[in-house]
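The values are calculated or read from the model by the stated rules, or taken from the named source; none is laboratory data. Please read all numbers here as calculations on a predicted model, not as lab measurements. Here the Cβ positions follow ideal geometry from the backbone for every residue, glycine too, while neighbour counts run over all protein chains shown.
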């Protein structure tokens, strides 16, 4: 590059030459920045979602290419977050793609020192059996005063923050049908 070309490429001279005195337009661009494209340009589709991290329920736009999540950003159409995400929400892409993500059911038997992997069907059967057995063993037909109870106090349910009110309503109905009276949730959306 000659001395004249070097001087002509200086941003201050480009600002004056192009009439961009504040350096807000083309004069502020470097040759490298002119070739940059947004990381979302390569996405096949955009899926609206809700951040799974906490009880706020911020809206997310999930960019997908070839079935893989490529980027996650805040959804400007969300009345809750208006396009903003906290650092945890922005990093929620790692929930899907982290090499540390658990994708199998882990179970540690009583007094065991190691976890074992179970298939989902076995794990669900174990949970159902334990609920049925605990309910049968602890069922209270009456209170100590002789009033009708029809409940079990040995089972409780806590719904997670990623469940919305409708999902928690259905869980509450299921728990009530089972006679479980200790039901709470963290739903905020």
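When you scan region 70-80, do you find a residue that is over 28 Å from residue 168 (Cβ atoms), within 23 Å of the chain's Cα centre (by Cα) and not in a loop (DSSP other than H, G, I, E, B), even just one? Yes, region 70-80 contains at least one residue that is over 28 Å from residue 168 (Cβ atoms), within 23 Å of the chain's Cα centre (by Cα) and not in a loop (DSSP other than H, G, I, E, B). Within the set 93, 106, 88, the sole residue that is closer than 30 Å to residue 179 by Cα and either modelled with pLDDT under 90 or in contact with a strand residue (DSSP E or B) (Cβ under 8 Å, 6 or more places away or on another chain) (or both) turns out to be 106. Applying the criterion of at least 1 residues that are under 25 Å from residue 73 (Cβ atoms) to the helices (runs of 4 or more DSSP H) found wholly in region 1-43 leaves 31-35.
Here the condition is being touching a strand residue (DSSP E or B) at 6+ places or on another chain (Cβ under 6 Å) and more than 30 Å from residue 60 (Cα to Cα); of 83, 179, 159, it holds for 179 alone.
Here residue 56 does not qualify as surrounded by 12 or more Cβ atoms within 10 Å (Cβ to Cβ), in contact with a strand residue (DSSP E or B) (Cβ under 8 Å, 6 or more places away or on another chain) and not in a helix (DSSP H, G or I).
Each row is one residue, and each column tells you yes or no for (1) exposed (fewer than 13 other Cβ atoms within 10 Å of the Cβ); (2) under 30 Å from residue 58 (Cβ atoms); (3) at pLDDT below 95.
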| residue | (1), (2), (3) |
| --- | --- |
| 133 | yes, no, no |
| 137 | yes, no, no |
| 143 | yes, no, yes |
| 164 | no, yes, yes |
| 167 | no, yes, yes |
| 174 | yes, yes, yes |
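Answer yes or no as to whether residue 45 is touching a residue at least 12 places away in the same chain (Cβ under 8 Å), over 25 Å from residue 93 (Cβ atoms) and either surrounded by 12 or more Cβ atoms within 10 Å (Cβ to Cβ) or more than 17 Å from the chain's Cα centre (by Cα) (or both). Spelling it out, it is not the case that residue 45 is touching a residue at least 12 places away in the same chain (Cβ under 8 Å), over 25 Å from residue 93 (Cβ atoms) and either surrounded by 12 or more Cβ atoms within 10 Å (Cβ to Cβ) or more than 17 Å from the chain's Cα centre (by Cα) (or both).
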